[in-house]
Structure formats: C-alpha cells, structure tokens
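Report on one structure; see the data block that follows.
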Amino acid sequence: MRASRNTLIVVTLLVTRAVVSATAPTADLPKHTIMRAAGPIAIDGRIDEPSWGAAAAVGDFVFPWWVAGDKEQTEARLLWDDVNLYISFVAEDGHISAIHTDRDAPIPQDDCVEVFIMPDTTHIRHYYNFEVNVLGTILDRFQLSEPTEAYTSQLATATQIDGTLNDESDEDTGFVTEIAIPFGSFVDTAPNVPPKPGDPWRLNLYRIGGKVNAQYSQWSNTGTPQPKYHVPERFGVVHFSADSVATKTGATPTAD
C-alpha cells in the first residue's frame, strides 16, 4: 500500500510540474497584444490596408548567433478577425535568393520567414510551424512531441520583392510577406475557435535563409548556443484583444 501511495505522489508531482512549466511564461519572454483588423485584409503582399498602418510592430528581432555581416532587421505585425490570424513581415535584405517551389520543400535554405504557433498553452509540445519563402512557397507541419505529423493548412500568403531575385551582383532592399492562417487550422488544439478576447497563445516569429548573410533572427530569443527554432518553452506570449486597431488608436486610420 505504501509503495502505491508513493508512486501516486511521484506521478502527481510530475504532472503538476509539467503543467506549471507549460502554462507559466518566463518573465523575460516578449509579449504582444493582437488587435482586431478594422476592415478586410487582402493577401497581396502590399500591406497597404489602414489596419496594417495602425497595428503596432511586435518589436525588434534579435540575433543571438550573430558572428559577422549586417544585422538585417525584420518588422512583424499581427492582426485577427473572426476567420483568420494575419501576420506581415517587412524584411531588410541586401541579397534576396530562393529556388524552392514545391510545397514542404526545404524552405529554410531560401530567404524566408517562419511562424510557430501554440494555441493551447497547457500542451507546450503541441504546436504548428508555418514557413514561407520569398517565392510564396509554403512548408507547414504539426509538431506533436516527436516526430512531426503530416499536416496541410489552408494558409494564404503573398510576397513582394524589392530587388532582383538570385542576383548577387547588385544590392537589394528587402521583401514583404503577408500571411493569413484560418483559425480552422487550429481546431484540433485551440481552446476556442475563433479565439475569445483575452485568450493567450504562445508563438514565435523567425527569419532565416538565403545564400548571402543568413542571420537566423527571431522575435523571442530561444536561448540556445546554436541556431535552433524548435524551442516552444521560449515562445513569446500573445493575447487577443476585443478592440480593433481603430478603437485602440482612438481614430479610424486612413490610407496614405
């Protein structure tokens, strides 16, 4: 009887510690509030809707594994409505390159951006990764501990390049990536679809790739000695707001 009781106590402690580690964010993790879009968002890679202009950027990306070369910054924004989570990236890039056009190809070899999303913060090893190169090619996976599961989302994306692709002889300016992920993509894991105002999710945003100056930058520092993105305990914390960007700023944004 004593052995059984001890076993029960050990199991209970292990489960408790696992839940605490999954649900209690570390104090140094970045945080961001996702505002509702004030109007329709067209996925065309232009991010010229008033909502994008009013949305706050998540903050500078960090370069924990920097050795040499320019730290080319990425500016990311998030919005949502009852149907989609929207993400935009504006990336500085002096030499833009990409060759992969087949879905689920090795996208990180190209200039690309990545979004890792954990809708249920009580299951830290259950998360999705979405990767998009500058050609608009998509790689998507569902991480269920190990190994990954086959998964195909209904993600919509568009890109715009300011420069010349795969030409190292000149200097490019950068690229824009616009993404819409239907909340139905998370129906198997999200506590609420669509999210309810105030719901917390965990996610991270990354930049990688290209033949020249691949810097492995990210929003939330994964804290690893070598480049590694699959560190869900280091995902940043986001909350969904009931307010639209127009309500938040106190005025309806207008297009330039």
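The values are calculated or read from the model by the stated rules, or taken from the named source; none is laboratory data. Owing to the predicted nature of the structure, the values given are computational and were not obtained by experimental measurement. FYI the Cβ positions are ideal-geometry reconstructions off the backbone, even for glycines, and counts take in every protein chain you see.
A count restricted to region 12-39 and to residues that are part of a helix (DSSP H, G or I) and either at pLDDT 95 or above or surrounded by 11 or more Cβ atoms within 10 Å (Cβ to Cβ) (or both) stands at 5. The C-beta contact set for region 224-235 (first residue exposed (fewer than 15 other Cβ atoms within 10 Å of the Cβ), second residue of a type outside the set (F, W, Y), distance under 6 angstrom, 6+ apart or interchain) comprises K228/T222. Within region 95-132, being β-branched (V, I, T), in contact with a Phe, Trp or Tyr (Cβ under 8 Å, 6 or more places away or on another chain) and under 26 Å from D70 (Cβ atoms) holds for I96, V113, V115.
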